[in-house]
Amino acid sequence: MGADEVPLDDKAKRMRDLLSSFYSPGPSMSPNSRNISKYASLDDINSTSFNPDEYMNLLAHKTNLEGLLQRHVDLAAEIKNLDTDLQMLVYENYNKFISATDAIKRMKSNISGMEANMEHLREKILSVQSRSDSVNTSLFEKREHIEKLHLTCNLLRKVQFIYDLPDRLRKCIKSEAYADAVRFYNGAMPIFKVYGDTSFQDCRRACEEAISIIVKNLQGKLFSDCESMQARAEAAVLLKQLNFPVEDLKVKLLCKLEQSLADIELKPEETNNASWDPLPFSSAHEAPIHEFVEAIRAFQVIFPDSEKQLVILAQDLLTKHFLIAEEYVKKRICAADLLGVLRVIWNDMLQMDKVLQEADLSNYSLEAAKVSMKLYVSSTFSHLLQDVSDFLLKVLKKDGAEYSLEDALDGSSKAVLEGSRNILFEFCKVLDDDSGLLVRLRELIIDLVKEGFLDFFRQLEDQFHLFSESNNSSAIPDHSLTQGAQGDKAFAGLVLVLAQLSAFIGQTAIAKITEELEVCFSGCGVRGLVYGPAFIPGEICQKFQSAGEKFLHLYINMRTLRISLLLKKRFTTPNWVKHKEPREVHMFVDLFLQELQFIVNEAKQLLPQGTRKHHRAGSNGSSSSSRSNALLEDKLVRSNAQRARSQLLESHLAKLFKQKVEIFSKVEYTQGSVVTTIVKLCLKSLQEFVRLQTFNRSGFQQIQLDIQFLRTPLREAVEDEAAMDFLLDEVIVAAAERCLDPIPLEPPILDKLIQSKLAKKLES
């Protein structure tokens, strides 16, 4: 910084000191300033203790001539700047002083004029007051006279009213204007109490006679069944105004009010009517419920202590409503019918809640509605379960011969899938309703529907198991249908339908229902938030798939058992040691093929075709496969050597049979797999029956003929021809082992007998 420049802080400090000196009240200094001056330097020209002589001596000793000249120039410039700043301050404050002076002059002139106006106003007020006093003084006597005349006129008017009161009361009785009569009589009572025994004795007696008639008429109206509750309440109010002891009538009136509920309650005979529609009923229901509410309001006025009894009546009405609703929802109704009934009940509650706010009828109705909603959900799924059962049980009905297994499966499958979709659609309607009751029940409904689906599939599985038990008469309404040959066939067909239906539910239906359930019920109920989801598709699918496999094996066992009984009868009836020479194929073969064809027809109705394996060409007669003939000849040669071991084979019969069955391939849901499994089991049974007998040559040849005839039709029926040929060969080998002289038929004779049987079948 140069010598000619003044720092900003020093300039600001000088301005403050200049202003302070300008506005300072005197030359006195504060104690602080005196203390500061002690420590101020000698060259501080702005200090109050500045000594110019000392400053000049000090400056002359320390500074040369050029420095003194420069200091002179600086001081002259500072003096000039200070003079300019001081002049600007004076100009600015001078304008403010001029404005303040003008304002003070104006205020002074205004105040002087105001005093004159106030004095003039005071004179006017005093003049008005004096004139008012003079007017009051002159009119005082006349005003008192007018007031006396007015009082006399009112008294005469009252006297005239008292004399006219009997006629007025009679007119009110004729016109049934009892409210006016009570008002007139109560208005005259103060006069009757004072002058009723002297001046107005006759008028009082006539009025009391008229009032007694009015009281009698009001009592009749009060207890009349033809009158509305509003009219009864008005009659009770009028009786109370006449000081009639209406408290004694409280019990009777409450009984009448309770009897009036019969017009408001839902009627069981109406809800049981199939053509009953809640919407028209709701419109007709508004008038009686409005009348009941008005009666409650009147009771609260007449009997302030009757709140408890009125609350009980309102709760009883809602309870009866919900009891009827619970019976109504047990029927097969749609969502619109349910909403109509709940809307009627909720509207009644809202009407009564206006006059009974402390009763908390809303929560009371909510708890009762939860029970009704649970019953509705349970009833809906029960009807769906009944629909599925009806489709299945048609298989067993004798008059339903045209109702095939395919129809049963199609109908029951649609009942499960389409019925579940319809249920979801109906419940969506319930959730979409914006009434206050259903909005508060939304989360509960979501939980109930999901739990309902879970219970439905559990009950459906239990129902399937009950249907599959032939000895369970409680599961089938007409258990006699399952008895006998035709009944056994129909029952086995039902089991096959159950197997295929269980597979359909586990593989297809549950997935589709779950998808639509998530779409319709995207929210989560209270139970789902606390305990997790109620409807778990994976577990249900696994249960039905397991049940389907069980039913499929049960069907196979039932069909196998029926054919095994036929085979057992065939081999236990004749004396095989004395059997005659075979002339034709035995009739049991026809019966066996008939049963097999029946099984094939059942499988075709319900099961897909499947794929054939180990297909081999062949024909009837001795021209069978070379492998079978070679195997047969080899085993016949060895039959005598093995005869000694037959006893050992018989002892291990059960073990061999069990092991043979266990190595069978897994049964699939196809025609070929089911039929092949049944044929294998029947041939194993046939082999075991053969091992239990002893044959002569003719008996052995009869077995050979029958088995050879079965080869071709069995090849056409099964999908595993190699296993079938092996089992047929095993039957012949077993017969050879049990034969006393195992010499087979010659191939030409065997072919001739088989062709003869085929010709007879063609002719028939």
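FYI, it's all coordinate maths here, none of it is from the lab. Quick caveat, the model's predicted, so the values are computed rather than measured. No Cβ is skipped: glycine too gets one built from the backbone with ideal geometry, and neighbour counts run over all protein chains shown.
Listing for the model above:
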quantity: Per-pair calculated FRET efficiency, R0 = 60 Å: Ser224 and Glu406 via Cβ, rounded to 0.05; calculated: 0.30
quantity: Cβ-based net charge around Glu209, under 12 Å, with every Lys or Arg adding one and every Asp or Glu removing one; calculated: +2
quantity: Karplus (6.51, -1.76, 1.60) ³J(HN,Hα), θ = phi - 60°, over region 306-317, in Hz, Gly and Pro reported as x; calculated: 9, 4, 5, 5, 5, 5, 4, 4, 5, 5, 4, 4
quantity: Stretchable slack from Arg106 to Thr572, in nm (0.36 nm times residue separation minus alpha-carbon distance); calculated: 152.9 nm
quantity: Three-way shape label, region 80-201, alpha-carbon gyration tensor, a/c 1.5; calculated: prolate
quantity: Whole-Å distance, taken between Cα centres, linking region 402-454 and region 583-605; calculated: 44 Å
quantity: Residue-wise HN-Hα coupling along region 700-712, computed from phi with Karplus coefficients 6.51, -1.76, 1.60 (Hz; x: Gly, Pro); calculated: 4, 5, 5, 4, 4, 5, 5, 5, 5, 5, 6, 4, 5
quantity: Chain lengthening between Met587 and Asn64 when straightened (0.36 nm per residue, less Cα-Cα); calculated: 172.2 nm
quantity: Full-extension gain in nm, Lys330 to Ala76, via 0.36 nm per residue minus C-alpha separation; calculated: 79.8 nm
quantity: Placed amide H near His579: partners under 5 Å, 5+ positions off or other chain; calculated: Asn696, Gly699
quantity: In sequence order, calculated HN-Hα J values of region 668-680 (Karplus, 6.51, -1.76, 1.60; Hz; x Gly/Pro); calculated: 10, 7, 9, 4, x, 5, 5, 5, 4, 4, 5, 5, 4
quantity: Relative contact order (percent, whole number), region 158-263, Cα cutoff 8 Å, 6+ residue spacing; calculated: 24 percent
quantity: Under 5 Å, built H, 5+ apart or other chain: amide partners of Cys739; calculated: Phe695
